[in-house]
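Undergrad: Below are the structure tokens for one structure; questions will follow.
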Amino acid sequence: MANWAEIQAEVPEFAAQVRERFDAGTNKTIATLRRDGSPRISGTELVFGDDDVTLGMMPHSVKLADVLHDPRVAVHSPTLEPPAHDPTAWLGDAKLAGLLRAVDTPESSPDPAAPFFALDITEVVLTYVSGEELVVESWHPGRGWSKFTRT
């Protein structure tokens, strides 16, 4: 697992593009695991800091119960539609996956009782269109960055 600072240091251009996709809108989608193992998706917001990607949750929410039971999550950037007339103008999307770990609630939080978490990252994926190809770039700990295309 890695924190955001490690990924930025290893592949700065890739990290900047991923962050750009996440910063394209406020609302992201997080996937958590229910107690029975089935998936749950919910809306969330997150913050890219110098070292970590962090997010908060409402106290007593079902999303929080999921994370306290099993910290594995995946987070998807805001979904933006590709322009119908020019798919290559689509910014693409990004995904982060890993384990959430509890951190102190920031002083700037509107709810001081809200639990906050940092994401220990196991996967980062960036998907976009270039010419006639779908491009998928990814980063994994121990494997690093890779890129492949599909036509």
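Undergrad: Using only alpha carbon pairs under 8 Å that are at least six residues apart, calculate the relative contact order of the chain and give it in whole percent.
TA: Relative CO of the chain lands at 22 percent.
Undergrad: Tell me, in nm to one decimal, what length is gained between Asp51 and Ala5 on full extension, where the rule is 0.36 nm per residue of separation less the Cα-Cα distance?
TA: Result: 16.1 nm gained on full extension.
Undergrad: Where in region 56-86 does the label zone of Ala31 land, with the point 7 angstrom along Cα→C-beta and an amide N cut-off under 14 Å?
TA: 72-77
Undergrad: Provide the gained length on full extension for the span Ala16 to Glu132, in nm with one decimal, where the gain is 0.36 nm per separating residue minus the Cα-Cα distance.
TA: 39.4 nm
Undergrad: Residue separation times 0.36 nm, minus the C-alpha to C-alpha distance between His60 and Ala102: what's the value?
TA: 13.6 nm
Undergrad: Provide Rg and Dmax in Å for region 14-73, with only Cα atoms included in the calculation.
TA: Both quantities, over Cα of region 14-73: 12.7, 36 Å.
Undergrad: I need the trypsin sites (Lys or Arg not before Pro) found in region 24-120, filtered to DSSP loop residues with at most 15 other beta carbons within 10 Å of theirs.
TA: When the trypsin sites (Lys or Arg not before Pro) of region 24-120 are filtered for loop state and at most 15 Cβ neighbours within 10 Å, Arg34, Arg35 remain.
Undergrad: When the Karplus curve 6.51 cos²θ - 1.76 cosθ + 1.60 is applied with θ = phi - 60°, which whole-Hz ³J(HN,Hα) does each residue of region 13-24 get, with x for Gly and Pro?
TA: Those phi angles translate into 5, 4, 4, 5, 5, 4, 4, 4, 5, 5, 7, 5 Hz.
Undergrad: Counting other Cβ atoms within 10 Å, keep those with at most 15, restrict to DSSP loop, and tell me which GluC sites (Glu not before Pro) in region 55-151 are left.
TA: Filter output for region 55-151: Glu107, Glu132.
Undergrad: Another question, then. Can you bin region 110-151 into rounded, prolate or oblate? Criterion: square roots of the alpha carbon gyration tensor eigenvalues sorted a ≥ b ≥ c, rounded for a/c under 1.5, prolate for a/b above b/c, oblate for the rest.
TA: Because a/c hits 1.5 or more and a/b fails to exceed b/c, region 110-151 counts as oblate.
Undergrad: So what are the three principal axis dimensions of the chain from its Cα atoms, in whole Å, longest to shortest?
TA: So the extents along the principal axes, rounded to whole Å, are 48, 33, 33.
Undergrad: For Asp23 paired with His85, estimate the spin-label separation in nm (one decimal), with each label point 7 Å from Cα along the Cα-to-Cβ line.
TA: 2.9
Every number here is computed from the coordinates shown, using simple stated rules; none is lab data. These numbers were taken from a predicted model, which means no experiment stands behind them. Heads up, the Cβs are rebuilt from the backbone with ideal geometry, glycines too, and the neighbour counts pull from every protein chain shown.
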